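Following: one structure in structure tokens, then a few remarks.
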Amino acid sequence: MKSKFHDKKTFAESLSKLIAGQLPAMPEEIRNKLVTRLDQLATDEPNLWEAANILGSWMNSPGFQEGDRQIVIGLITRIREEQGYRARYSDKPTLVVFGTSGWRGVIGEDFTVRNVHKVVRGICRMMQSDEFLRTTGLPDFLSVQEKGILLLRDNRFMGDEFMAAAMLEIAAAGIKIYDAGECPTGVGSALLTEIGAAGSINFTPSHNPMEYAGIKFNPADGGPADVNLTSLIELEANTLMNDDSFEPAEADFTPFLQQIDAKIMFRDFVEKRRVFDLAAIRTWLNFNASRFTLVIDFMHGAARGFIEYLLGDETISIMSRENALQLIHAEDDFSFHGVKPEPGAANMKPLIRKLQADGRQLNLAVALDPDADRIRFADTGLDIDMNRFGALAYAHFLETGRSGGVASTAPSSDFALQIARQKNQPVFETAVGFKYFRPALGSGQAVVAFEESDGISFKGHTLEKCALAGFLAALDIISHRNQNLSAYYAELQKTYGYFYPGKAGAEVRGVSVEAWQSYKKAVLRVLQSGLKNPGDSIAIGETTKKIASINSIDGLKIILEDYSWILLRPSGTEPKFRYYFELASPQPIADPGREMDNYRLAAEEILTLARKKVDETNGNN
């Protein structure tokens, strides 16, 4: 295939000259980081996307000169366009791995139009398998073709082009296509069950940085595909990756295509399921707009327009008139104004400042990620991540007569689980991945299912995490109790105990997809092969604590005698090791931050030990 993009080193050299000429006031530290990424040794390629991330981070740092903003945006755009050329014309194959939530790759490197053709064709072939037909209860592939595939995407760069490639492959397989366009992940799950399609393909890498794109596949029940299906997709896609004779499909997809209005269908779905009383929430907002402030950060993502449609024109009008509603980052921006597009603590700080400046009695800040499967909350009293909100939502469901258990992942806080145990309700603790909630949530045994990475859903809603459901749950709590989430959380702490969750991570840089898959498996084997055992002692700061039990459902979880814990696991979505920890106490801890830092250091020490053992085995001393 004829190259239609520059040599990376040539492009990097021209970019370096532009930076030197146009940004003389750039701090030396930032300039040195860029030089490291752009002026690589002869054995390495310049990392263009990492340079874009450095520029974006600098653009959001204190002391940045506003006069340089358009120059920096222009440089990031040049990098993105160059990587776009690569994504359109590269014929380089890759290794396809469906991790915790689908296949993710870097645009222009491994995530290319040609590779999308291969992966989507692999999905179509998987849907012809006996395993898929058994899983979905469909009699044959003809039924798959008739029921169709739902397509949706977030707001990422080239999303429409990747969708068009998918349509060509799906049409070539003779399968009907439902096009939801830009649409949140949870909404897609709801639509999938409503239209009765055989499955959905969702183009999103969730909260990953600007350079990433991704594909998620969900079968007919709307939940994430389990390993029995994703392993088949991997097999088919990787076979096509190694097929030198592969030719992308060129079928006319228009006869197979049907556009759907996702906003209308999702609103109708919510009203029909009645997990949340939309009318009651709207009424409360209408009558309390003068004393309530709602700030929503869309992160330029797919939730734009969906929340407004759920609340309705009348409520939006009343709240706007009372200055009760602020919608931010609702414009298109493929670089996410230079930040990592996740609902994390750093992105919550400016939202909290907006609430504090407004000064109203009741207030709520909401941050979503680009595909709106993750959500985080805050008010003037507390930054409320999903570890905290999971407990809030579950306690509220129990108090409003919706009894049942709670499901959460091993790295998530035990707060909600403690509430369930004290209320004699079942507890379901799973590995990371919303797909593992299918049995408990699908059967109705769990009324709330959440994971610490800010995903949540509810009995009667969807089997996929849905930020819009989390948003409605937050409004449901506030409207029922007429108090802020932080005040309710304080009440729950006094009743059930004090839980202080935290997390950190260690990135593994400069590794290929294949090398990372091999390395993380080796480290995981060491972690789970008696590195730590019940009865062992572990140093936490200046104290020594005894290990009560070990949980290896996902990585290595060390539970201590005081019910505090540490968990280490490799990420399922990027080359990174993650470690989590939680302090548990019947009384409030005066300085939890200091103690949590001790737990973080203890986790780092365990990970370092495991990696050292692997390196010694591999001869990398």
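Values in this text are rule-based calculations from the coordinates and carry no lab data. A quick note: this is a predicted structure, and the numbers were derived from the prediction, not measured. Glycine gets a Cβ as well: all are built from the backbone with ideal geometry, and neighbour counts include every protein chain shown.
Miscellaneous remarks
- Dipole of the chain [Lys/Arg +1, Asp/Glu -1 at C-beta], most positive-end residue of 183, 97, 505: 505
- Using the rule -39500 (n - 2.57) for each DSSP H run of four or more residues, divided by the residues of the chain, the 222 nm mean residue ellipticity is -14000 deg cm²/dmol.
- Ranking 48, 448, 126 by Cα position along the charge dipole of the chain, where only Lys, Arg, Asp and Glu carry charges on their C-beta atoms, puts 448 farthest toward the positive end.
- A protection proxy built from the mean count of other Cβ atoms within 10 Å ranks the segments 116-124, 12-20, most packed first, as 116-124, 12-20.
- Only Lys, Arg (+1) and Asp, Glu (-1) charged, at Cβ; region 480-564 dipole about Cα centre in debye: 160
- Residue 423-residue 562 pseudo-label distance in nm [points 7 Å out on the Cα-to-Cβ vector]: 2.8
- In this simple spin-label approximation, residue 161 and residue 131 carry label points 7 Å from Cα along the Cα→Cβ vector, and these lie 3.3 nm apart.
- Three-way shape call for region 421-486 based on the alpha-carbon gyration tensor, with the a/c threshold at 1.5: prolate
- Cα gyration tensor shape of the chain, rounded if a/c is under 1.5, else prolate or oblate by comparing a/b with b/c: rounded
- The DSSP beta bridges internal to the chain are antiparallel in roughly 60% of cases.
- Added length on full extension, which subtracts the Cα-Cα distance from 0.36 nm per residue, residue 601 to residue 280: 110.8 nm
- Relative contact order (%) - the chain, alpha-carbon pairs under 8 angstrom, separation at least six: 11
- Segment residue 77-residue 261, length gained on full extension (0.36 nm per residue, minus Cα span): 63.1 nm
- Between residue 507 and residue 357, the simple label model (points 7 Å from Cα in the Cβ direction) yields a spacing of 3.0 nm.
- Paramagnetic reach from residue 399 (point 7 Å along Cα→Cβ, amide N under 15 Å) across region 457-479: 473-479
- Between residue 61 and residue 552, residue separation times 0.36 nm minus the direct Cα-Cα distance comes to 172.8 nm.
- Given +1 at the Cβ of Lys and Arg, -1 at the Cβ of Asp and Glu and no other charges, the dipole of region 412-493 around its Cα centre is 260 debye to the nearest 20.
- Using only alpha carbons, region 523-621 has a radius of gyration to Kirkwood radius ratio (Rg to Rh) of 0.99.
- Between residue 590 and residue 91, the C-beta separation translates, for a Förster distance of 56 Å, into a calculated FRET efficiency of about 0.40.
- Where a label projected 7 Å from the Cα of residue 226 along Cα→Cβ would reach, residues of region 414-435 with amide N under 12 Å: 435
- Highest average first, the peptides 478-486, 24-32, 213-221 ordered by how many other beta carbon atoms sit within 10 Å of their residues are 213-221, 478-486, 24-32.
- Applying 1/(1 + (r/R0)^6) with R0 = 41 Å to the Cβ-Cβ distance of residue 491 and residue 69 gives a FRET efficiency near 0.40.
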